[in-house]
1. From Cα coordinates alone, what are the radius of gyration and Dmax values for the chain in angstrom?
2. For region 1-83, what does the relative contact order come out to in percent, with C-alpha contacts under 8 Å and a separation of six or more?
Amino acid sequence: MQMIKLKSYPILNGIMAWWSSVEDAARYIVTLYINDAPISEKIVERTEKYYSFTGLAAISLRSPSIYYIKVQAENRNGEIIAESDKIKSTVREI
């Protein structure tokens with residue numbers, strides 16, 4: 001399986017993620033985790049290689065949560081053809 005290069009950057013009350021392109025991708029699935037539990041999954045069109053999760057500061061203030069992001073690429077048949085490692089991310093708070 002092809003690997004996707006994924007990077008993240010803390011933004012105010014959120015996380016910005018961006019990744020490398022997969023030639024045969026029809027869309028990307030971006031998943032945000034708190035510790036090991038997925039809390040949000042977003043579908044991103046093949047022409048975009050980034051996504052921002054916002055409004056996360058309130059969640060992280062309540063508990064010492066660790067955020068992770070993972071990206072998967074799907075082909076037109078709905079099959080996963082590439083994925084990134086699950087990477088640790090942080091949130092910038094005021």
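Every number in this text was worked out from the coordinates using simple rules, so none of it is lab data. Remember, predicted model here, so these are calculated numbers, not experimental data.
1. Rg, Dmax (Cα atoms, Å): 13.3, 43.
2. 38 percent
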